[in-house]
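Here the structure comes first, spelled out in structure tokens, and everything after it is commentary.
The values are calculated or read from the model by the stated rules, or taken from the named source; none is laboratory data. Note that the structure is predicted; figures quoted are calculated from it, not measured. All Cβ positions, even for glycine, are placed from backbone atoms using ideal geometry, and neighbour counts span all protein chains on display. Just so you know, the surface numbers come from the protein's heavy atoms only, side chains and all, with ligands and any DNA or RNA stripped out. Shrake-Rupley method; radii C 1.70, N 1.55, O 1.52, S 1.80 Å.
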Amino acid sequence: MPYSTTAYQLLVSAPSDLPQEDIRAAFDAVARWNVLYGRQQGATVVPTHWSQHSAAEHGTRPQESLNKQLVEDADVVIALLWHRLGSPTGEAESGTVEEIEEASAHGAYVRVLRCIRAIPPGDLDADQASRLDAFLDEIRPNSLILEYEDAVALRERVDTILTTAVTALRTRAEAQAEATAEPENHATERRASPQGTEVWPRIERSEAVKTDSKGRLKTENRWQLVLSNTGDEPARRVRYRLEAEGPNDDLPVQTDDSGELEVLAPHTDAAYMLF
């Protein structure tokens, strides 16, 4: 039966080194999410990627053309990185970096995922790897960067991102609509007020494959507390405290300093390692 839906445009952003199977896995995850959750969420996510959804254009800087065609209208951007950052665009370190920055400036929901599958020795570029690490270090204070090893793990990551993104975007839209709605009694005028700060906690788990001293592969589970400011204003002096609900509850071991975060920008996350 037909149902009402809100369409959200998703941009999958990635340098050229990312395998096409990862792009397909992201698109497959979106299709699956639409079928399983679209009706109950009242949402449809429309995935895009420059290789399939951009048109040729002459007389404009290539990345600027992609920005106008895909980035400016994107509600959600998922950036996938592996071992290359990409080529400079004249405005940013790479096309993916410029897309992340442009999308963030337009208020899009941006998330960064890094592939940790083995890199073929002949494909490794030391300069590209160094630039990528430097970029990730730069954004890490304000971005929870999660890892994936294969297409299966990537689909799981995308599935979680879509649910969180649609919820956050819908909440923002409802708040904006409520703030700007006309009062029933036109004799009085209600001033529209900003959404303010909305800081919400969540727990996220990630996996990393490591090699021990004997060359054996081991999977390490990492649990992080993520504080997300879904509001339209910066949250200041943000702190958190872990408390047990009962005398027999075992809290995870906190390894990060939980000192005060001076500013948490709108629509950004701060992550703290738990154990």
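Using the Kirkwood formula over every pair of different C-alpha atoms, what hydrodynamic radius in Å results for the range 1-149?
When all Cα pairs of the range 1-149 are included, the Kirkwood radius is 16.3 Å.
Considering only protein heavy atoms and a probe of 1.4 Å, how much of the accessible area of the range 67-187 is carbon and sulfur, as a whole percent?
48
Take the Cα radius of gyration of the range 63-139 and divide it by 2.2 N^0.38 Å, with N its residue count; two decimals is plenty.
For the range 63-139, the normalised Cα radius of gyration comes out at 1.14.
Leaving out ligands and nucleic acids, note down the accessible area per residue over the range 3-122 with a 1.4 angstrom probe, in whole Å². Don't jump to the answer; show the numbers that get you there.
Details: 5670 Å² over 120 residues.
Roughly 47 Å² per residue, with all protein chains present.
Of TYR3, TYR240, which has the most accessible area with a 1.4 Å probe, and how do the rest follow in descending order?
Solvent-accessible surface, decreasing: TYR3, TYR240.
Rounded, prolate or oblate for the range 100-170? Axes are the square roots of the Cα gyration tensor eigenvalues, ordered a ≥ b ≥ c, and the cut-off for rounded is a/c under 1.5.
oblate
In the neighborhood of GLU21, defined by Cβ-to-Cβ distances under 12 Å, what is the net charge if each Lys or Arg adds +1 and each Asp or Glu adds -1? Display every interim value, and only then the final one.
Details: positive: ARG24, ARG117, ARG155; negative: ASP22, ASP28, ASP150.
Local charge sum for GLU21: 0.
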